[in-house]
Amino acid sequence: MCVCLITSIGLGSVFTYMVALNTNVINFSDKHRGKIVGGLNCFFAGSPSVFSVVYYQLIQKAEDHADSFATFMAFFAILFAFVDIICALFLRVYKKAEEEVYVVDPAQIEAAVESKDNGNLNSPPHVQLHDIPSPESSNVEKCCAPKSSLTVEPKSLREIISDVDFYLLIGMFSCASSVGLVYLNNLTVISKSVHLEDKDQNLVLIIPITNGIISVTIGFASDFFQEKIQRMVIIMLSCFLYVGLSVLVMLLGDSYIALCVATFFCGLGTGIIWSLSPTVMSEMFHISNLGRNWGIALLFAALLGMAGQYSFGAIYDENKPENELFCYGLHCISGGMGICVGLAVMSVVFGIALMLHRGIKICRH
């Protein structure tokens, strides 16, 4: 029964997430892609803070503890149905108007040259010479143009699964997102192990609030600075944030301040990587295949996240005293956070390898 419930929740949220993401990305211009994905992730990531307040301040206080969970699940069921009905009614893919393409006739260029040579100033040429791009100017434009503006051909499934860059991007995203998943899902376990469970109401709000704010902020910033700083560089920052939070909790997890800082890092890293990774995926491997390609990335991330969850729980149980339900002390969680350190470092390695393989520089000149 429990397995069926978890599977249903997972399938429902993934379908709703993918439909909303893919539809909105297709409907808007690529110059706004960071804003669109960041805005969507802001609502997706920030909603847990709302539901946390609803549960702790309304449902749990109004009912007995035994009945509060059942009421919360019923509330979720009604809300899921309502949101999905709204999506079915209003989500549409609107065909973009084709951009006008201006082609310069070679005969017009010759006429412009003859007119200039003959000194006939009274009859201005159809095409001015300074309007014709020189090889030098075209090279500058190509160098300084954002990566998304370059032509990217869609790839078949066979081509995409043989692309090294695709696996490097998936490896980086899967390892990094797994650290965030393991830490978020075990946050209350960690706080209880170090006798800070009375701070749970504050800790559980840090990640969704930080995640929501950074998602929309980084979306706008990545679009605005795209010609100077590539999105992959910003994603690498999130990988280093995951390394920092894992080391901090593993060594100083019994400190409330350290736990708050680590939770803040998790919110920042999760907001960045979930907002920019789909954008980078669409820019590297074409937007028409975003649903398929991002779905493959989510599959790998889910499998790795499940392995990370299992490893954390197994190490926790190994350190737990026999016939005891809970384990207390920093040693109970340090082993599991050591797994997170390894995953975070691997995400950095995958990210650096991807940047080197594609020749991505930190700053564009």
Evaluate region 318-337: report whether one residue or more is over 24 Å from Ser222 (Cβ atoms), polar (S, T, N, Q) and in a helix (DSSP H, G or I).
yes
Against the condition in contact with a Cys (Cβ under 8 Å, 6 or more places away or on another chain) and in contact (Cβ under 8 Å) with a residue 40 or more places away in the chain, how does Gly171 come out, does it pass?
no
In region 59-84, which residue that is of a type in the set (D, E, K, R) and surrounded by fewer than 14 Cβ atoms within 10 Å (Cβ to Cβ) is modelled with the lowest pLDDT?
Asp64
For Ile315, indicate whether it is assigned to a helix (DSSP H, G or I) and closer than 27 Å to Lys192 by Cα.
yes
What about Val216, is it open to solvent by 30 Å² or more (accessible area, probe 1.4 Å) and in a helix (DSSP H, G or I)?
yes
Elements of type helices (runs of 4 or more DSSP H) in region 85-201, at least 2 residues being surrounded by 10 or more Cβ atoms within 10 Å (Cβ to Cβ) and either at pLDDT 55 or above or on the phi > 0 side of the Ramachandran plot (or both)
106-118, 157-160, 164-185, 187-193
Taking Lys228 and the conditions (1) modelled with pLDDT under 85; (2) charged (D, E, K, R); (3) in contact with a helix residue (DSSP H, G or I) (Cβ under 8 Å, 6 or more places away or on another chain), which numbered condition does it fall short on, given that it satisfies the others?
(3)
Selected residue [open to solvent by less than 20 Å² (accessible area, probe 1.4 Å) and hydroxyl-bearing (Ser, Thr, Tyr)] from Ser222, Ser288:
Ser222
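Residues checked against (1) within 22 Å of Gly305 (Cα to Cα); (2) in contact with a Lys or Arg (Cβ under 6 Å, 6 or more places away or on another chain); (3) assigned to a helix (DSSP H, G or I); (4) at pLDDT below 70:
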{"residue": "Ser8", "(1), (2), (3), (4)": "yes, no, yes, yes"}
{"residue": "Leu11", "(1), (2), (3), (4)": "yes, no, yes, yes"}
{"residue": "Val14", "(1), (2), (3), (4)": "yes, no, yes, yes"}
{"residue": "Ala20", "(1), (2), (3), (4)": "no, no, yes, no"}
{"residue": "Phe44", "(1), (2), (3), (4)": "yes, no, yes, no"}
{"residue": "Val50", "(1), (2), (3), (4)": "no, no, yes, no"}
{"residue": "Gln57", "(1), (2), (3), (4)": "no, no, yes, no"}
Within region 227-240, can you find the residues that are surrounded by fewer than 21 Cβ atoms within 10 Å (Cβ to Cβ) and not aromatic (Phe, Trp, Tyr)?
Glu227, Lys228, Ile229, Val233, Ile234, Leu237
Checking Leu330, Leu343, Leu325, Leu356 in turn, the sole residue that is more than 30 Å from Glu197 (Cα to Cα) and open to solvent by 20 Å² or more (accessible area, probe 1.4 Å) turns out to be Leu356
Among the numbered criteria (1) under 24 Å from Thr16 (Cβ atoms); (2) more than 22 Å from the chain's Cα centre (by Cα), which one does Met306 miss?
(2)
Might you let me know whether region 308-316 holds any residue that is open to solvent by 60 Å² or more (accessible area, probe 1.4 Å) and either modelled with pLDDT under 90 or of a type in the set (A, V, I, L, M, F, W, C) (or both)?
no
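The values are calculated or read from the model by the stated rules, or taken from the named source; none is laboratory data. From a predicted model like this one, the values you see are computed outputs, not experimental measurements. Don't worry about glycine lacking a Cβ; one is built from the backbone with ideal geometry, like all the others, and counts go over all protein chains shown. SASA here: full protein model, heavy atoms, side chains in, ligands and nucleic acids out. Shrake-Rupley method; radii C 1.70, N 1.55, O 1.52, S 1.80 Å.
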